[in-house]
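S.K.: Here it is: the structure, laid out below.
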């Protein structure tokens, strides 16, 4: 009787230990899905909390980049431009080759414009211009689109002499060179 009980405990322990990582492996994906759902419903605060949980609890998650962007975007929407600027700059440093970089730079340019900081306006415009497509063969423009983690649609339109960033259909920032 005692042997059966010990074996039962060992089997339960073994199953718990072997299945536990699988049970929690996709928890970050679940949080990400919940965040996207909340964002689509316009519940930015709840989306923000789910994205923040991913950053805090799953530092190796494949959802770190969009979660990082969401934090910066959220502070931008709250007009906490100092915090937003810091988070966007951190994102650019950590992910210099990401698609999000272009749209993080657009937000940084917008912050500089809102604060009327000419030095930063010049710095962010210069940075954006380094990303400019080099070829417009058979086209007069190139477009890049991005739906943010908080469900805002952005579009960057590169032309030969200017770059326009739109949020939805509304002009967000513009660079003429």
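The values are calculated or read from the model by the stated rules, or taken from the named source; none is laboratory data. The structure displayed is predicted, hence computed values, not measured ones. Quick reminder, even Gly has a Cβ in these numbers, built from the backbone with ideal geometry, and neighbours come from all protein chains shown.
S.K.: Condition (residue is outside any helix (DSSP H, G or I) and in contact (Cβ under 8 Å) with a residue 24 or more places away in the chain) applied to segment 116-127: is it met by at least one residue?
M.R.: No, that holds for no residue.
S.K.: Read through the list (1) more than 18 Å from residue 28 (Cα to Cα); (2) free of Cβ contacts under 8 Å to residues at least 12 places away in the same chain, then give the number of the only condition that residue 59 fails.
M.R.: (1)
S.K.: Just one of the numbered conditions (1) under 19 Å from residue 146 (Cα atoms); (2) in contact with a strand residue (DSSP E or B) (Cβ under 8 Å, 6 or more places away or on another chain); (3) surrounded by 14 or more Cβ atoms within 10 Å (Cβ to Cβ) is not true of residue 99; which one?
M.R.: Unmet condition: (3).
S.K.: Within segment 90-114, count every residue that is farther than 16 Å from residue 71 by Cα and in contact (Cβ under 8 Å) with a residue 40 or more places away in the chain.
M.R.: The number of residues fulfilling the criteria is 5.
S.K.: Output the number of residues of segment 133-177 satisfying the condition of being assigned to a loop (DSSP other than H, G, I, E, B) and over 21 Å from the mean Cα position of the chain (by Cα). Step through it out loud before you land on a result.
M.R.: We begin by selecting, within segment 133-177, every residue assigned to a loop (DSSP other than H, G, I, E, B); these are 133-140, 148-152, 160-161, 168-169, 177.
Of the ones still in play, those that are also over 21 Å from the mean Cα position of the chain (by Cα) are 133-140, 160-161, 177.
Within segment 133-177, residues that are assigned to a loop (DSSP other than H, G, I, E, B) and over 21 Å from the mean Cα position of the chain (by Cα) number 11.
S.K.: Which residues, taken from segment 62-81, are within 25 Å of residue 123 (Cβ to Cβ) and in contact (Cβ under 8 Å) with a residue 24 or more places away in the chain?
M.R.: 65, 68, 69, 70, 72, 73, 74, 76, 77, 81 - these are the residues of segment 62-81 that are within 25 Å of residue 123 (Cβ to Cβ) and in contact (Cβ under 8 Å) with a residue 24 or more places away in the chain.
S.K.: Can you tell me which of 156, 84 is touching a helix residue (DSSP H, G or I) at 6+ places or on another chain (Cβ under 7 Å), without any contact (Cβ under 8 Å) to a residue 40 or more places away in the chain and within 30 Å of residue 49 (Cβ to Cβ)?
M.R.: 84
S.K.: May I ask you to verify whether residue 62 is modelled with pLDDT of 95 or more, part of a loop (DSSP other than H, G, I, E, B) and either under 12 Å from the mean Cα position of the chain (by Cα) or within 30 Å of residue 142 (Cβ to Cβ) (or both)? Let's see the steps before the verdict.
M.R.: Working: modelled with pLDDT of 95 or more: yes; part of a loop (DSSP other than H, G, I, E, B): yes; either under 12 Å from the mean Cα position of the chain (by Cα) or within 30 Å of residue 142 (Cβ to Cβ) (or both): yes.
Answer is yes for this residue.
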